[in-house]
Amino acid sequence: MMVPQGALQMNEFFALTHKSPSEYFLVFDLDLKEVLRAIRYIRLLLAACPSGSRPQPILVTLNSRFKQVIEGQGIKVYNPR
């Protein structure tokens with residue numbers, strides 16, 4: 001998804017603000033019971049992208065227990081609560 005300059009309002013709770021990079025992909029796993037599987041899935045998605053222009057992955061979840069672990073892997077976490 002290409003994000004225009006400024007902010008892109010996704011719904012009443014969530015918006016993407018353009019800074020850098022300009023491409024994102026969103027992964028929704030609201031329960032997030034298997035954190036290692038989520039990280040592996042996102043890494044597989046990134047592997048399919050050209051190395052010079054990899055988008056920023058954002059995991060949308062209601063479970064905030066693993067936020068530090070996931071963000072330590074370079075994956076942004078959004079928790080709408």
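Condition test on Leu59, is it touching a Phe, Trp or Tyr at 6+ places or on another chain (Cβ under 8 Å) and at pLDDT 90 or above? Full working, then the answer.
On the way: touching a Phe, Trp or Tyr at 6+ places or on another chain (Cβ under 8 Å): yes; at pLDDT 90 or above: yes.
Spelling it out, Leu59 is indeed touching a Phe, Trp or Tyr at 6+ places or on another chain (Cβ under 8 Å) and at pLDDT 90 or above.
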Could you figure out which of (1) over 25 Å from Asn11 (Cα atoms); (2) exposed (fewer than 13 other Cβ atoms within 10 Å of the Cβ) isn't true of Leu46?
(2)
Residues in region 65-77: is at least one more than 13 Å from the chain's Cα centre (by Cα), at negative phi, surrounded by 12 or more Cβ atoms within 10 Å (Cβ to Cβ) and at pLDDT 85 or above?
yes
Out of the residues in region 11-43 meeting the condition of being modelled with pLDDT under 70 and surrounded by 14 or more Cβ atoms within 10 Å (Cβ to Cβ), tell me which one is nearest to Phe66 (Cα to Cα).
Leu16
Would you say Ala38 is touching a helix residue (DSSP H, G or I) at 6+ places or on another chain (Cβ under 9 Å) and among the hydrophobic types (A, V, I, L, M, F, W, C)?
yes
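Provide a single number: the residues in region 50-67 that are touching a strand residue (DSSP E or B) at 6+ places or on another chain (Cβ under 9 Å) and more than 16 Å from Tyr24 (Cβ to Cβ). Steps first, answer last, please.
Initial filter on region 50-67 (touching a strand residue (DSSP E or B) at 6+ places or on another chain (Cβ under 9 Å)): 53-61, 64, 66-67.
Now narrow it down to the ones that are more than 16 Å from Tyr24 (Cβ to Cβ): 64, 66-67.
Final tally of qualifying residues: 3.
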Within region 34-45, how many residues are within 14 Å of Tyr24 (Cα to Cα) and under 11 Å from the mean Cα position of the chain (by Cα)?
1
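The values are calculated or read from the model by the stated rules, or taken from the named source; none is laboratory data. Keep in mind the model is a prediction, meaning the values are calculated, not measured. All Cβ positions, even for glycine, are placed from backbone atoms using ideal geometry, and neighbour counts span all protein chains on display.
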